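Notes follow the structure.
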Amino acid sequence: MDTNDFNYLVECATKAPSGHNTQAWKFEKIQDGIIIHPDFTRALPIVDSDNHALYISLGCALENLVIAASKIGYKSIVDYPNNPNSSITIKLHLSGEINPSDEELFDFIKSRQVNRSKYTDKMVNNTELERLRNCFNYDGISLVLLNGKENFEKVIPLIIEANNMQFQNKQFVSELTDWFRYSKAEAEKTKDGLWTATMGLPSMWRFIGNFVMKNIVSAKSEAKRINEILQHTAGIAIFFSEKNDVTSWINVGRAFQRFGLTATKLSLCHAHLNMPCEEISVRQKLANLLELGDKHPLLLIRYGYAEKMPYSFRRNVEDVTVN
Ligand SMILES: Cc1cc2nc3c(=O)[nH]c(=O)nc-3n(C[C@H](O)[C@H](O)[C@H](O)COP(=O)(O)O)c2cc1C
């Protein structure tokens with residue numbers, strides 16, 4: 001693989017979503033492939049103390065990379081790490097063959113986004129639900145689609161319960177606001193984080209934004225906003241895994257990335273309401289409610305139809321590569 005191919009694959013990989021848009025990844029070119037390293041300097045110790053979301057994000061980047069590699073004729077073999085601090089090695093060799101399902105998703109790598117706006121009331125039809133349900137096939141990873149309010153209503157109290165726990169936790173709010181980018185200038189400068197425009201919020205001075213987040217936004221106001229959003233949501237998707245280990249987290253990321261790309265292809269929007277998966281006590285209640293036995297719900301995603309929102313920034317390829 002030459003440097004041009006490497007740079008191109010890294011660029012495609014970095015279009016992946018990541019918690020708080022931290023982009024906690026580094027890419028290394030090796031003789032016969034690429035290593036994706038976790039970048040723990042960008043970890044989120046409060047909301048993601050076990051780094052499961054960090055590894056889900058690496059899984060999303062990995063899936064983009066594998067899809068893009070297939071598009072330019074490389075076959076990928078993924079070597080999964082077996083301990084919580086390790087990297088993912090992808091062996092790439094030119095085969096000239098293109099995987100048809102990857103070919104189908106490749107075109108949506110750049111246009112996919114997490115859309116936090118209020119969705120329309122349009123429902124998703126069964127053909128499209130079937131496409132979402134069947135968009136991935138990873139051992140031990142499953143997806144449940146709660147389509148229609150009558151089916152997802154039961155999870156709303158758990159979303160609110162976890163939201164309240166998080167917004168009553170000063171450290172959570174502080175970690176969140178550290179990653180807020182309150183203007184285009186701030187977002188363009190760091191090329192990471194949560195730009196207010198992507199959340200439908202206006203630009204503001206950092207000291208005002210921090211004041212609003214710490215003194216005006218509250219568990220109650222967030223709960224009200226979430227309840228309102230859920231009045232206009234077609235359905236909720238929950239990704240869960242049989243095991244709660246690094247390989248499963250990566251594969252949840254891979255599955256979720258295929259979901260995001262497939263949804264984009266179907267002109268469907270999606271956004272995270274992960275709180276019940278992030279708070280361990282609520283995660284257990286969610287597993288019980290959905291009768292998942294000892295399986296682990298790791299992502300909770302709303303979906304529906306809406307207009308596009310502004311896109312988040314990404315760091316440049318040279319900022320995320322190691323030599
Ligand atoms: C593992 C994971 C967890 C996430 N959790 C949340 C979340 O709790 N709330 C939210 O609004 N977005 C969440 N996101 C979405 C990211 O904030 C989003 O991907 C990032 O800001 C980049 O935006 P983009 O995906 O539109 O490019 C999450 C993404 C990932 C991969």
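The values are calculated or read from the model by the stated rules, or taken from the named source; none is laboratory data. Being a predicted model, the structure only gives us computed values, none of them experimental. Positions of Cβ are backbone-derived with ideal geometry, glycine not excepted, and every protein chain shown enters the neighbour counts.
Looking only at residues in region 46-68 that are touching a Pro at 6+ places or on another chain (Cβ under 8 Å) and assigned to a helix (DSSP H, G or I), which one is farthest from residue 246 (Cα to Cα)? Talk me through it step by step, then tell me what you get.
At the first step, the residues of region 46-68 found to be touching a Pro at 6+ places or on another chain (Cβ under 8 Å) are 50-51, 54-55, 57-58, 60.
Checking the rest, the ones that are also assigned to a helix (DSSP H, G or I) come to 54-55, 57-58, 60.
Details: 54: 10, 55: 7, 57: 12, 58: 10, 60: 13 Å.
Among those that are touching a Pro at 6+ places or on another chain (Cβ under 8 Å) and assigned to a helix (DSSP H, G or I), it is 60.
Please go through region 36-79 and give me each residue that is more than 17 Å from the chain's Cα centre (by Cα) and within 13 Å of the ligand (Cβ to nearest atom), ordered by number.
46
If you take the residues in region 284-323 that are part of a helix (DSSP H, G or I), of a type outside the set (Val, Ile, Thr) and surrounded by fewer than 22 Cβ atoms within 10 Å (Cβ to Cβ), which one is farthest from the ligand (Cβ to nearest atom)?
Kept after step one, since they are part of a helix (DSSP H, G or I), are these residues of region 284-323: 284-289, 317-320.
From the residues that got through so far, the ones that are of a type outside the set (Val, Ile, Thr) too are 284-289, 318-319.
Those left that are additionally surrounded by fewer than 22 Cβ atoms within 10 Å (Cβ to Cβ): 284-285, 287-289, 318-319.
Details: 284: 18, 285: 18, 287: 18, 288: 21, 289: 19, 318: 20, 319: 16 Å.
Ranking the candidates gives 288 first.
Taking interchain pairs and intrachain pairs at least six residues apart, which have beta carbon atoms under 6 angstrom, with the first residue in region 107-121 and farther than 14 Å from residue 259 by Cα and the second of a type in the set (Ser, Thr, Tyr)?
Between residues of region 107-121 that are farther than 14 Å from residue 259 by Cα and residues that are of a type in the set (Ser, Thr, Tyr), the close pairs are 119/233; 119/305; 120/305.
Could we say that residue 238 is within 15 Å of the ligand (Cβ to nearest atom), in a helix (DSSP H, G or I) and of a type in the set (A, V, I, L, M) here?
In short, no.
Can you spot a residue in region 109-116 that is surrounded by fewer than 18 Cβ atoms within 10 Å (Cβ to Cβ), part of a loop (DSSP other than H, G, I, E, B), more than 18 Å from the chain's Cα centre (by Cα) and modelled with pLDDT of 95 or more?
No, every residue in region 109-116 fails to be surrounded by fewer than 18 Cβ atoms within 10 Å (Cβ to Cβ), part of a loop (DSSP other than H, G, I, E, B), more than 18 Å from the chain's Cα centre (by Cα) and modelled with pLDDT of 95 or more.
Please determine, by comparing only the residues of region 101-135 that are out of contact with any strand residue (DSSP E or B) (no Cβ under 8 Å at 6 or more places or on another chain) and among the aromatic types (Phe, Trp, Tyr), which one is farthest from the ligand (Cβ to nearest atom).
Here the answer is 106.
Checking the conditions here, which among 90, 98 is part of a loop (DSSP other than H, G, I, E, B), more than 16 Å from the ligand (Cβ to nearest atom) and without any contact (Cβ under 8 Å) to a residue 60 or more places away in the chain? Reasoning before the result, please.
Numbers: 90 fails: part of a loop (DSSP other than H, G, I, E, B).
That would be 98, the only listed residue that is part of a loop (DSSP other than H, G, I, E, B), more than 16 Å from the ligand (Cβ to nearest atom) and without any contact (Cβ under 8 Å) to a residue 60 or more places away in the chain.
With the checklist (1) more than 27 Å from residue 107 (Cα to Cα); (2) of a type outside the set (D, E, K, R); (3) within 14 Å of the chain's Cα centre (by Cα) in hand, flag the one item residue 259 doesn't pass.
For residue 259, the failing item is (1).
Of the numbered conditions (1) within 20 Å of residue 120 (Cα to Cα); (2) part of a loop (DSSP other than H, G, I, E, B); (3) out of contact with any helix residue (DSSP H, G or I) (no Cβ under 9 Å at 6 or more places or on another chain); (4) not aromatic (Phe, Trp, Tyr), residue 225 fails exactly one; give the number of that condition.
Of the numbered conditions (1) within 20 Å of residue 120 (Cα to Cα); (2) part of a loop (DSSP other than H, G, I, E, B); (3) out of contact with any helix residue (DSSP H, G or I) (no Cβ under 9 Å at 6 or more places or on another chain); (4) not aromatic (Phe, Trp, Tyr), the odd one out for residue 225 is (2).
Restricting the search to region 136-188, which residues are in contact with a Pro (Cβ under 7 Å, 6 or more places away or on another chain) and under 30 Å from residue 313 (Cβ atoms)?
Correct list: 159, 162.
Among the numbered criteria (1) touching a Lys or Arg at 6+ places or on another chain (Cβ under 8 Å); (2) of a type in the set (Asp, Glu); (3) outside any loop (DSSP other than H, G, I, E, B); (4) under 26 Å from residue 168 (Cα atoms), which one does residue 186 miss?
Answer for residue 186: the failing condition is (4).
Going through region 83-102 one residue at a time, which ones are closer than 27 Å to residue 43 by Cα and within 22 Å of the chain's Cα centre (by Cα)? Working first, answer last.
Step one: filter region 83-102 for residues closer than 27 Å to residue 43 by Cα, giving 83-91.
Selection gives 83, 84, 85, 86, 87, 88, 89, 90.
May I ask you to list the residues in region 69-87 that are hydroxyl-bearing (Ser, Thr, Tyr), under 30 Å from residue 303 (Cβ atoms) and not in a loop (DSSP other than H, G, I, E, B)? Steps first, answer last, please.
Going residue by residue through region 69-87, those that are hydroxyl-bearing (Ser, Thr, Tyr) are 70, 74, 76, 80, 86-87.
Right, trim to under 30 Å from residue 303 (Cβ atoms) and you get 70, 76, 80.
Once the filter is applied, which keeps residues that are hydroxyl-bearing (Ser, Thr, Tyr), under 30 Å from residue 303 (Cβ atoms) and not in a loop (DSSP other than H, G, I, E, B), region 69-87 yields 70, 76.
Any residue in region 262-277 that is more than 16 Å from residue 238 (Cα to Cα) sitting within a Cβ distance under 8 Å of a residue that is near the ligand (Cβ under 10 Å from one of its atoms)? List the pairs, counting only those 6 or more apart or interchain.
Short answer, once both residue conditions are applied: 264/112; 264/113.
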